[in-house]
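Scroll down for the structure; my scribbles are underneath it.
The values are calculated or read from the model by the stated rules, or taken from the named source; none is laboratory data. These figures come from a predicted structure and were not determined experimentally. Glycine also receives a Cβ, built like all others from the backbone with ideal geometry; neighbour counts cover every protein chain displayed. In case anyone asks, the SASA skips ligands and DNA or RNA and just uses the protein heavy atoms, side chains included. Shrake-Rupley method; radii C 1.70, N 1.55, O 1.52, S 1.80 Å.
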Amino acid sequence: MKFRPLLSFDVGALFGAKRDLLGLDIGSSAIKLVQMKQARGNYLLQKFGIQPLEPEVIVDGTVMDSGRVVSAIKELVGEHNVKLKNVAMSISGHSVIVKKINLPPMPDEELEGQVRLAAEQYIPFDINEVNIDFHILNPNEQSDDGQPQMSLLLVAAKKDKVTELSELVKAAGLNPVILDVDAFAIENMYGINYPPSPEDIVALVNIGASVMNVNIVRGETSLLTRDISIGGNRYTEAIQREMGVPYEEAEAAKKGERREGIDAEAVASVVDGVHAEISSEIARSVDYLKTTYPDQEVNKLLLCGGCAKLEGLAQQLTDRLGVPVTVADPFKQIETSSCDAKRETLAELAPLAAVGVGLAMRRIGDR
């Protein structure tokens with residue numbers, strides 16, 4: 001299967017470079033590193049690591065202390081003795097817009113200019129303040145009135161966010177080459193580990209610390225993407241507020257650790273309330289899909305990210321949506337025997353690796 005690159009910004013010198021890329025997922029709560037190589041059609045995991053970040057370093061996707069982020073990247077790269085310098089990273093949240101658009105058929109040399117003109121209708125930012133990319137979904141569709149048209153996926157990312165991420169990586173001694181979108185990195189991970197059939201309509205849900213990515217795909221085609229400002233921090237904040245405990249205690253309680261003086265049943269009730277918020281947002285995405293594609297029904301949900309294993313979440317999603325929910329294993333079809341991480345560590349932290357695995361699959365020169 002060939003994975004489609006949906007957003008590529010070549011921001012590094014590529015001539016003569018090795019095609020492998022280091023997947024670097026810079027999240028609000030941790031930085032995740034994945035290095036893989038491809039051999040005879042199979043992916044081999046070489047390195048995997050996580051470096052936690054203090055809660056005040058990146059707040060709601062905004063870098064508050066770039067020096068500590070750079071130090072964390074350097075520490076992670078040094079700890080795992082990473083030699084690769086070229087990096088694929090990703091973006092999500094309010095700084096990126098993904099929109100399906102239709103255009104009349106036209107020659108390739110005209111397409112980029114027409115996409116840029118069309119983008120001005122859909123992007124709530126100054127067109128000069130964004131980087132734009134697109135991917136052709138179907139070059140031969142028909143409009144409602146029977147006219148030929150092309151279906152494209154438009155992606156726009158704010159230049160200041162692109163620059164911010166690029167400068168962090170450069171300051172850590174690495175070379176930023178490709179910027180992807182979290183939702184589509186997850187889709188690449190899904191494609192290699194859970195080979196989709198054309199009939200499957202799957203909701204890929206990645207719950208990060210501050211943003212939840214929803215990408216609903218049919219076979220190998222994305223039908224709907226949403227980035228929602230809710231994530232693992234919502235659980236921690238709710239426990240802090242309701243239980244009157246400091247951040248560290250609330251974070252431990254969220255993960256199911258028993259702490260003296262904290263009522264486990266009360267914590268479970270708070271966590272269940274946030275589960276309901278998250279389930280409602282995912283259900284809203286599924287309902288929105290039906291308004292665009294009335295004959296399409298989601299029949300599976302794949303859950304990843306730091307909160308994927310929280311007790312009760314998968315069951316509540318199953319009850320709310322009426323579909324089976326599976327916690328993703330990004331290493332399901334990847335050979336891990338030569339990786340520097342222990343098998344038990346990979347199993348425990350696997351849902352956190354989903355974006356990083358999707359990024360590490362990218363190669364220099366992808367278009």
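A few notes on this one:
- For the stretch 196-338, taking the reciprocal of the average inverse distance between every pair of different Cα atoms yields a Kirkwood hydrodynamic radius of 16.2 Å.
- Projected area averaged over orientations for the stretch 151-272, convex hull of C-alpha atoms, nm²: 11.2 nm²
- Taking all protein chains into account, the per residue accessible area for the chain stands at 47 Å² (1.4 Å probe).
- Based on alpha carbons, the Rg and Dmax found for the stretch 258-367 are 17.6, 55 Å.
- Net length gained if the chain between Gln316 and Asp126 were fully extended (0.36 nm per residue, minus Cα distance): 64.4 nm
- Relative contact order for the chain, counting Cα pairs under 8 Å that sit 6 or more residues apart, in percent: 24 percent
- Label assignment, P(r) over Cα pairs in 20 Å bins from 0, in percent derived from the structure, set [x] 27, 56, 15, 1; [y] 31, 61, 8, 0; [z] 29, 59, 12, 0: [z]
- Think of each Lys and Arg Cβ as +1 and each Asp and Glu Cβ as -1; about the Cα centre, that makes the dipole of the chain roughly 1240 debye.
- A Cβ-based charge dipole, computed about the Cα centre of the stretch 227-278 with Lys and Arg at +1 and Asp and Glu at -1, lands at about 40 debye.
- If both residues of a DSSP beta bridge must be in the chain, then about 75% of such bridges are antiparallel.
- Extreme residue, positive dipole direction of the chain, given options Ser280, Gly61, Gln46 (C-beta unit charges): Gln46
- The simple Förster model, with R0 at 35 Å and r as the Cβ-Cβ distance, assigns Thr221 and Ser280 a FRET efficiency of 0.85.
- Placing unit charges on the Cβ atoms of the charged side chains and taking the dipole of the stretch 287-362 about its Cα centre, the candidate lying farthest along the positive direction among Ser338, Leu302, Thr318 is Ser338.
- Axial C-alpha extent at least 27 Å, average Kyte-Doolittle at least 0.5 - helices from the chain (DSSP): none
- Spin-label pair Thr291/Glu109, simplified geometry with 7 Å Cα→Cβ offset, distance in nm: 4.2 nm
- Calculated FRET value between Arg343 and Ala171, using beta carbons and R₀ = 41 Å, to 0.05: 0.75
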